[in-house]
Amino acid sequence: MGARGKKMLAVLGAALLLFAALWLTVFYRDSKTLHIGIFYGSNWEVPGTMHYDIFDQAIEKYKTEHDDVTVTYEEGIPSEEYSEWLSGNILTGSEPDVFIILDEDFQTLAAAGVLEPLDHMLQGEDGAGDCFYESALAAGVYEGRQYALPFECNPTLMFVNKTLLRQEGIDMPEDDWTWDDFYRICRRVVKDTDGDGQINQFGYCGYSWKQAVYSNGLTLFDEAGTDSMLDDDRFAEAVSFVRQLQETNQGVQVSSNDFDLGNVVFMPLTFSDYRTYMPYPWRIKKYSDFEWNCISMPAGPEGDNTSSMETLLMGISARTTHKKEAWEFLKLLTMDEEIQKLIYQDASGASALRSVTTSQEMMELLNEDTPGDSDIDLSLLDATIGKAVPSENLRRYQEAEERMDHVLSDLTISDEDISMSLLNLTREIDEIIRE
């Protein structure tokens, strides 16, 4: 072969190598896929909610800067079946790269090493951690490390029957109201309104010892999760207060159905309930015979207007092969204001971004379908989320809480000595959480 032929072969060989390199680049570029784990329905057990629209718009926005990544998700997984679906995928090693994490599943997933730690990623983003409400961000912390970010949150508020208060000549409580205000109103409104000898109007239902504990400056467990706070005097004070409240109902077991019928002034419910049942048409189906609104929870003498808060989290699989792409998508879902505003359009909770939740635009959106003067204001939602107590994600938390609830619910309706009962319960609970 002549020199010219050899030169031609060299050129062709170089061209083939270049073509192969380009083909491989395109192949691997096109084969980069992020799988997302989401469910259909509501995490908060209210009707008419789905997240597909939010994720579809997030995917569309993500593609504008990541055109080499395909983002997919499996449709049709009901919210009540999501935990089982996710667990099955984890067991087979096929879990999504980025996925929703329910409050009750977070501790188990973090402890099992399923979730990628996010601390180093957050630290690499200027001000990323500061954009969230601290209470919502804390819900994704396990043993001092950040394993998930808040996608949506759902604080507890106090629902108030305004019509019943007005009939009794009582002003609507202010947002900084106290246990004393709560108890005074409850005592005043309890009565037999139809003269049949049976009490049928009540001050409250559904307010628990746990809500009293939170509003008296305590959590259930210490920060390390190794000891309960049952031996703190503020705990006993909270249980005693709930016992006093129980006495105002004079032995009647008051239920949420009584509130639905307009016979109860106060009942704790979540922000998702407010969003679902305040606008038409759900308002007509649920509470059509009286006006109602929501305020903060009452503050204990040693605490604040603090309530509990559920948080819908999102995390990254520790086994994903696309950590950078997964982080960029997680960041978009949870930190992008444009995407987070969709929470107030297509979901029923609240955004964990302070800038979104306190924006006038979102408040106007929330209030556009509410009747009369029942608008929620910026300061109430901002303060409620800011002061909220996130779920306490402990290894044996569920078992411990169930035992505490059983004992303390009985204690609030008995005449047993509170201090001695708490002392005995402390030993039992501390054994459970230290196992």
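Roll a 1.4 angstrom probe over the protein heavy atoms and tell me the percent of accessible area of the chain that is carbon or sulfur. Here it works out to 48 percent. Approximating the spin labels as points 7 Å out from Cα along Cα→Cβ, the Asp382-to-Gln360 distance works out to 1.3 nm.
Between Gln244, Gln167, Gln360, the Gaussian network model of the chain with springs among Cα atoms under 10 angstrom shows the greatest mean-square fluctuation at Gln167. The DSSP beta bridges internal to the chain are antiparallel in roughly 70% of cases. 3J(HN,Hα) along the stretch 139-154: 5, x, 9, 9, 6, x, 10, 8, 10, 7, 10, x, 9, 7, 10, 8 Hz, from the Karplus curve 6.51 cos²θ - 1.76 cosθ + 1.60 with θ = phi - 60°, whole Hz, x for Gly and Pro.
Here the scattering of the stretch 38-114 is modelled by Debye summation over its C-alpha atoms, one equal scatterer each and no solvent; at q = 0.11, 0.13, 0.22 Å⁻¹ the log10 of I(q)/I(0) is -0.33, -0.47, -1.12. When the chain is treated as a Gaussian network with alpha carbon springs shorter than 10 Å, the biggest mean-square fluctuation among Asn154, Asn200, Asn43 belongs to Asn200.
Springs join every pair of Cα atoms under 10 Å in this Gaussian network model of the chain, and among Ser421, Ser215, Ser42 the largest mean-square fluctuation is at Ser421.
Hey, if you put +1 on the Cβ of every Lys and Arg and -1 on every Asp and Glu Cβ in the chain, which of Leu261, His35, Cys294 ends up farthest toward the positive end of that dipole? Checked the options; the winner is His35.
Using 0.36 nm per residue and subtracting the Cα-Cα separation, the extra length available between Arg434 and Thr72 on full extension is 126.2 nm.
Accessible surface computed residue by residue for the chain, with neighbouring protein chains in place and a 1.4 Å probe, gives 47 Å² per residue.
Calculated mean residue ellipticity at 222 nm for the chain: -13500 deg cm²/dmol, from DSSP H runs with n ≥ 4 weighted as -39500 (n - 2.57), summed, divided by the residue count and rounded to 500.
Within the chain, the percentage of alpha carbon pairs spaced more than 43 angstrom apart rounds to 23%. What separates the Cα centres of the stretch 45-84 and the stretch 158-217 is a distance of 41 Å.
Taken over the stretch 294-356, the percentage of Cα pairs per 5 Å bin, counting from 0 up to the bin with the maximum distance, is 3, 14, 17, 17, 14, 14, 8, 6, 4, 1, 0. Placing one equal scatterer on every Cα of the stretch 230-370 and applying the Debye formula, the log10 ratio I(q)/I(0) at q = 0.12, 0.15, 0.18 Å⁻¹ is -0.75, -0.99, -1.14.
The values are calculated or read from the model by the stated rules, or taken from the named source; none is laboratory data. Please read these numbers as outputs of a predicted model, since none were measured by experiment. Neighbour counts run over all protein chains shown; Cβ positions are idealised from the backbone, glycine included. The protein model used for the area step is the full one, side chains on, heavy atoms only, and it has no ligands, DNA or RNA in it. Shrake-Rupley method; radii C 1.70, N 1.55, O 1.52, S 1.80 Å.
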